[in-house]
1. Anything in the stretch A:215-242 that is of a type in the set (Gly, Ala, Ser) and away from ligand 1 (no atom under 15 Å from the Cβ)? List them, or say none.
2. Can you report the number of residues in the stretch B:150-170 which are surrounded by 17 or more Cβ atoms within 10 Å (Cβ to Cβ) and among the polar types (S, T, N, Q)?
3. Yes or no: the stretch A:125-145 includes at least one residue that is β-branched (Val, Ile, Thr), closer than 11 Å to A:Ser178 by Cα and in contact (Cβ under 8 Å) with a residue 60 or more places away in the chain.
4. Would the stretch A:229-236 turn up any residue that is of a type in the set (Gly, Ala, Ser) and out of contact with any Leu (no Cβ under 7 Å at 6 or more places or on another chain)?
5. Based on this model, can you work out whether B:Arg232 counts as touching a helix residue (DSSP H, G or I) at 6+ places or on another chain (Cβ under 8 Å), in contact (Cβ under 8 Å) with a residue 60 or more places away in the chain, open to solvent by 10 Å² or more (accessible area, probe 1.4 Å) and within 14 Å of chain A (Cβ to nearest Cβ)?
6. Would you mind stating whether A:Thr136 is within 16 Å of ligand 2 (Cβ to nearest atom) and out of contact with any strand residue (DSSP E or B) (no Cβ under 9 Å at 6 or more places or on another chain)?
7. If I filter the stretch A:32-52 down to residues being more than 14 Å from ligand 2 (Cβ to nearest atom) and β-branched (Val, Ile, Thr), which single residue comes out as nearest to the other protein chains (Cβ to nearest Cβ)?
8. Among (1) more than 14 Å from every other protein chain (Cβ to nearest Cβ); (2) open to solvent by 70 Å² or more (accessible area, probe 1.4 Å); (3) part of a helix (DSSP H, G or I), which single condition is A:Leu203 missing?
Amino acid sequence: MSALPSQALTPALSVRDLTTTFVTSAGRVTAVDNVGFDVFPGEVLGLVGESGSGKSVTLRSIMRLIHAPGVVGGSVLWQGRDLVTMPERELRRIRGAEIAMIFQEPMTALNPVLPVGLQIEENLKAHTPLDRAGRTKRALELMDLVGIPEARRRLSDYPHQFSGGMRQRAMIAISLASNPKLLLADEPTTALDVTIQDQILKLILELKRELGMSVVFVTHDLGVVAATCDRMAVMYAGRIVETGEVASVFAKPRHAYTRGLLGSVPRSGAERTMLLSIDGTPPSLAAIPPGCPFNPRCSFATEVCRTVVPPLDEVSPARLAACHHHDRVAAAGSPVA
Amino acid sequence: MSLLPYIFRRILQLIPTLVFILVVVFVLVRLLPGDPASALIGDRALDADVQRINHELGLDQPLPVQFLYFLKQVATGDLGNSLSLKAPVIDIVAQRLPVTILLTTMAAVIALLFAVPLAFLAALRQDGVVDTVIRGVFQVGLSMPVFYLGLVLLTVLAAGLHWFPVGGYGETFPDRVYHLFLPALTLALSLAAVLMRNLRSAIIGVLGAEYVDFARAKGLKSRLILIRHVLRNALISTVTLFGLSVGTLLGGAVITETVFAVPGAGRLMIDSIYGRDYPMVQGLTLALAVLVSLTFLLTDIVQAWLDPRVAR
Ligand SMILES: Nc1ncnc2c1ncn2[C@@H]1O[C@H](COP(=O)(O)OP(=O)(O)O)[C@@H](O)[C@H]1O
Ligand SMILES: [Mg+2]
């Protein structure tokens, strides 16, 4: 793992009070609730949480890809400029050029009626001065880079002619086309089998080193976090409940939800059994319980947890946790230690 | 990926269709009420005359023999003579059909010119004022019978304002386009309404697709996203609908040709059916059926060009 970023560095991306609401049949719901985090240059930040915890909506909100009547509030500072309020024209020059996003589903994120080569080249056309020949050359390079064999022939192929793994690689090639400084990767490996998953992870890390990118890596797989990320942020019911350096969070979780997640990581080696798993299911957005949203599933919960929302506070150096009982949780130790 | 193998395969598939068309045309024409002999010489024809004429037309032969004779006619391009116009059917078809083809093509183009931009306007301002107005106007257009709409346009734009001729067909090509403009517009409006409605909802669907968000995430210009990513995908279902509407369009052509006194195949068909002009009806039906299947072929090719998944 690379050197830990020093807190003295200025963050490349600084998310503050990010709040995204949608209109559903149950009224307006809050899918992302006051989320804040920083991403430092060259760092990989893992964003983890069960499915439905708001990871994808967070990334989409950063990229301003939320459709009305969804509303995004708060600020997303990218090198000092706020993406949330910036005019569309300016935003267009950042999207795909400085910040790129890998979508969760390569099946639906690639346009079915356009050749893959064109889908790479249109990114280059938007953000680089390359001419037609230069774009084709660069597209071939990118396809080589992400490990798509026979790149020249495959440029004119359509997404349906690619396997799932190759589609995911094509999407990474598109995202990386203009050498972005920040990559938002939304579960880039979940749809893939284990060997391809490893290859893609290695690829992203290599590229990160070569290109000096920062990465926000969304996953619900803590094994992947341990292998790839410098710092992590844990999300539950649309909120960040704990952040810190990966090694430190794994060694001593300070939120009962993090502890539960760690407990449900399958052990490596022969014994791949679930040790603990968190009882119950995440709340629906229309019925988030009062107090700490995790309290109905929490074995540490007391009366205060059912009434008072715990703030996300610094509980030890470089560690934030939103838990009334972070001391008791820390004292209980890590299930993976 | 080349479309040629697909097009070739699709043309081969046309053969059974054409055979089927031949059988249906043959049977249908023989199901028409009345007999051509009495149509030819009046109701008070003598039995002997009727028999003579039926013999001349080969109508006294058993049906299978008649069918073989019919096939031979089609193969040699000799579809007999029109009973009422006293000229070879093939010549009359060659003269009248292009008029109808020009009329329907113009109508199709006008319909698309209306439908595509309006569908975009409506879809991009979904449920807004523009959307509601466009949809309301088209709803009215859709519920108006073609002949009524034709008469209104004729009265106002041709008879009243003299912007267009009240009917007929020109000599030169630009003149013909000018003469056919009003009838084509009449014919186009209901098709435009149908296509607009379909395309609007297709565009709304595609605007919510992930690949459109991904295109935004790449930092592409909105116009490029709309044309390359949205329109192309949205048109796929509209092209299918368009192909299926060709039959309706030809049906509408029969009416507009009558209202605007256009000397096309549609009006000829009506006249021939009333006149019990057997060979003419047969020749026209055949020509129109072939025209429709060629249009299907064309829309399939456009479909395959739009959507590479089709041509597998
Ligand atoms: N467009 C939308 N309209 C309404 N609810 C949405 C929308 N998009 C996401 N949600 C809801 O927001 C919550 C968070 O979703 P998401 O960010 O996709 O979770 P995940 O952490 O699995 O990526 C889910 O409950 C989801 O149903
Ligand atoms: Mg997700």
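1. Scanning the stretch A:215-242 gives A:Gly223, A:Ala226, A:Ala227.
2. 0
3. No: zero hits.
4. Checking the stretch A:229-236: not a single residue is of a type in the set (Gly, Ala, Ser) and out of contact with any Leu (no Cβ under 7 Å at 6 or more places or on another chain).
5. yes
6. Taking the combined requirement at face value, the residue does not satisfy it.
7. Once the filter is applied, the top-ranked residue is A:Val39.
8. For A:Leu203, the exception is condition (2).
The values are calculated or read from the model by the stated rules, or taken from the named source; none is laboratory data. Since the structure is predicted, the reported quantities are computational estimates derived from the model, not experimental observations. Cβ: placed from backbone, ideal geometry, glycine included. Neighbour counts: every protein chain shown. For the accessible areas, the whole protein counts, side chains as well, though only heavy atoms, and no ligand, DNA or RNA atoms are used. Shrake-Rupley method; radii C 1.70, N 1.55, O 1.52, S 1.80 Å.
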